[in-house]
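Peer 1: So that we are looking at the same thing, I have put the structure below in structure tokens.
The values are calculated or read from the model by the stated rules, or taken from the named source; none is laboratory data. Computed from a predicted model, the values in this text were never measured in an experiment. Glycine also receives a Cβ, built like all others from the backbone with ideal geometry; neighbour counts cover every protein chain displayed. Keep in mind that these areas ignore ligands, DNA and RNA; they rest on the heavy atoms of the full protein, side chains included. Shrake-Rupley method; radii C 1.70, N 1.55, O 1.52, S 1.80 Å.
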Amino acid sequence: MTPSLARSYSYCERVARREAGNFYLAFRVLPRAQRLAMCALYAFLRVADDLSDGPHPIPEKRRLLDSWRQRWQEALGGKYSHRLHAAFHDTVTTYGIPDEYVQAVLDGVSMDLDPIPYETFADLYPYCYRVASAVGLACIHIWGFDGEEAKTYAEAAGIAFQMTNILRDLREDAARGRIYLPREDLRRFGYREEQLNRSERNAAFRELMRFEVDRARGFYEAARPLVRSLRPAGRAVFLVMSRTYRGLLKAIERRDYDVFSSRVRLSRLHKTWLALRAMPVRWGWA
């Protein structure tokens, strides 16, 4: 590894350590080369997320995201204009990550610039695929997988993770004018968008949340076979991430679906325990 590439990877790891939260402890389960690759992937996507969520007016955000996409295309040709470009270019080349996944995530992030109501879950699904499943599909290329069916399982895992994020972040997203819950679900349980904007937690809301949690859990079950398709280190990191997000879903249930009064989190101690629990899998002992 050249000094300039090493500096780029070091920058990405600092970003991941500082910002990645639930993910960085899972990254630590991986061998060094794969861990650095995951940090490069995370750092690239972190920039896109920050541009979408930043303080600029919508037209400026769109310009910045378009510029970030164009700069990435130039980076694929060897023209680097950001500290992370060398590391991420090396990552996608080394692990054969199809650029279609990178483009899908950038498309998903751009969808948040003009939030529109989703009438059905089928309407919401493409958004979840772009911002989460495409990331998971990139991840399994870094981790190593066997069989094309692994891609189907990784897609399901991404939907499960994103549905968990949506349920956890209802209050914050509503404050930004983003309501991801399908309108048909709101109508089914007699809960209105204005009630969500007021953080109203009544019987209808609990029934709605119970339904959405069950839907997310179905995708976790659909993703379960991914474990068998991954190499040992990837199997371990996926178990850490899946157990973390399942833990968030269970925490939402334990709080009687109160996602309004404070953010649902897992303690750092619990996340550390999940990482340690996966180490026998990482070493092929389980």
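Peer 1: When the accessible area of the chain is split by element with a 1.4 Å probe, what percent falls to carbon and sulfur? Display every interim value, and only then the final one.
Peer 2: On the way: 6720 of 13020 Å².
After summing per-atom areas, the C and S share lands at 52 percent.
Peer 1: Another one. Taking R0 as 30 Å, what FRET efficiency do you get between ASP256 and ARG228 from their Cβ-Cβ distance, rounded to the nearest 0.05?
Peer 2: Working: r = 35 Å, r/R0 = 1.17.
After rounding to 0.05, the efficiency reads 0.30.
Peer 1: Kirkwood hydrodynamic radius (Cα pairs, Å) of the range 4-120?
Peer 2: 14.9 Å
Peer 1: On a 1.4 Å probe surface of the protein chains, which of LYS79, LYS151, LYS61 comes out largest in accessible area, and what is the full order? Don't jump to the answer; show the numbers that get you there.
Peer 2: Values: LYS79 125, LYS151 60, LYS61 20 Å².
In descending accessible area the options line up as LYS79, LYS151, LYS61.
Peer 1: Now, a different point. Compute all pairwise cysteine Cβ distances in the chain, then list the cysteines with no distance under 4.7 Å to another cysteine.
Peer 2: So far as the 4.7 Å Cβ criterion goes, CYS128, CYS139 stand without a partner in the chain.
Peer 1: Evaluated at 37 °C with a viscosity of 0.692 mPa s, what Stokes-Einstein diffusion coefficient in µm²/s does the chain have when Rh comes from the Kirkwood expression over alpha-carbon pairs?
Peer 2: Details: Rh = 19.7 Å.
Rounded to a whole number, D works out at 167 µm²/s.
Peer 1: In addition: If the range 175-282 were replaced by its equivalent ellipsoid, with semi-axes equal to the square roots of 5 times the Cα gyration tensor eigenvalues, what would those be, largest first, whole Å?
Peer 2: Its equivalent ellipsoid spans semi-axes of 32, 16, 11 Å.
Peer 1: Can you give the accessible area of GLU172 in Å² (nearest 10), computed on protein heavy atoms with a 1.4 Å probe?
Peer 2: It works out to around 50 Å².
Peer 1: Return the sequence-ordered ³J(HN,Hα) values of the range 136-146 in whole Hz as given by the Karplus equation 6.51 cos²θ - 1.76 cosθ + 1.60 applied to θ = phi - 60°, using x for Gly and Pro.
Peer 2: Ordered by residue, 3J(HN,Hα) equals x, 5, 5, 4, 5, 5, 6, 6, x, 9, 10 Hz.
Peer 1: Give me the number: length gained by fully extending ARG71 to ARG178, i.e. 0.36 nm times residue separation minus the C-alpha to C-alpha distance, one decimal in nm.
Peer 2: Numbers: separation 107, 0.36 × 107 = 38.52 nm, distance 2.80 nm.
Computed gain between ARG71 and ARG178 is 35.7 nm.
Peer 1: Among PHE189, PHE27, what's the order by accessible area (1.4 angstrom probe), most exposed first? Don't skip to the end; give the middle numbers.
Peer 2: Values: PHE189 50, PHE27 5 Å².
Order by accessible area, largest first: PHE189, PHE27.
Peer 1: Taking each pair of different alpha-carbon atoms in the range 59-188 once, compute 1/r for the pair, average those values, and report the inverse of that mean as the Kirkwood hydrodynamic radius in Å to one decimal.
Peer 2: Computed over Cα pairs of the range 59-188, the Kirkwood hydrodynamic radius comes out at 16.2 Å.
Peer 1: Under a straight-distance cross-link criterion of Cα-Cα below 22 Å, which lysines are reachable from LYS250, leaving out those fewer than 8 residues away in the same chain?
Peer 2: Counting by Cα, and skipping residues close in sequence, LYS250 has these lysines nearby: LYS271.
Peer 1: Next question, about the same structure. Normalise the Cα radius of gyration of the range 1-67 by 2.2 N^0.38 Å (N = residues in it) and let me know the number. Intermediate values should be presented prior to the final figure.
Peer 2: Working: Rg = 13.9 Å, N = 67, 2.2 N^0.38 = 10.9 Å.
Dividing the Cα radius of gyration by 2.2 N^0.38 Å gives 1.28.
Peer 1: Okay, next question. Please report, largest first and rounded to whole Å, the three semi-axes of the ellipsoid equivalent to the range 105-262, where each semi-axis is the square root of five times an eigenvalue of the C-alpha gyration tensor.
Peer 2: Working: eigenvalues 165, 59, 32 Å².
Listed largest to smallest, the semi-axes of the range 105-262 are 29, 17, 13 Å.
Peer 1: Using C-alpha positions alone, give me the convex hull volume of the range 102-162 per residue in cubic angstrom.
Peer 2: Taking only Cα atoms, the range 102-162 has a hull volume of 74 Å³ per residue.
Peer 1: Excluding same-chain residues fewer than 8 positions from LYS61, which lysines have a Cα within less than 30 Å of its Cα?
Peer 2: Output for LYS61: LYS79.
Peer 1: Next question. What list of ³J(HN,Hα) couplings, whole Hz, do you get for the range 234-242 from phi and the Karplus terms 6.51, -1.76, 1.60, once you set θ to phi - 60° and write x for glycine and proline?
Peer 2: x, 4, 5, 5, 5, 4, 4, 5, 5
Peer 1: Quick one: Karplus J couplings for the range 260-270, per residue in order, coefficients 6.51, -1.76, 1.60, θ = phi - 60°, nearest Hz, x for Gly and Pro?
Peer 2: Whole-Hz 3J(HN,Hα) from phi for the range 260-270: 9, 6, 7, 6, 6, 9, 9, 5, 4, 4, 5.
Peer 1: Rank TYR191, TYR153, TYR127 by mean-square fluctuation in a GNM of the chain with C-alpha springs under 10 angstrom and give only the top-ranked residue.
Peer 2: TYR191
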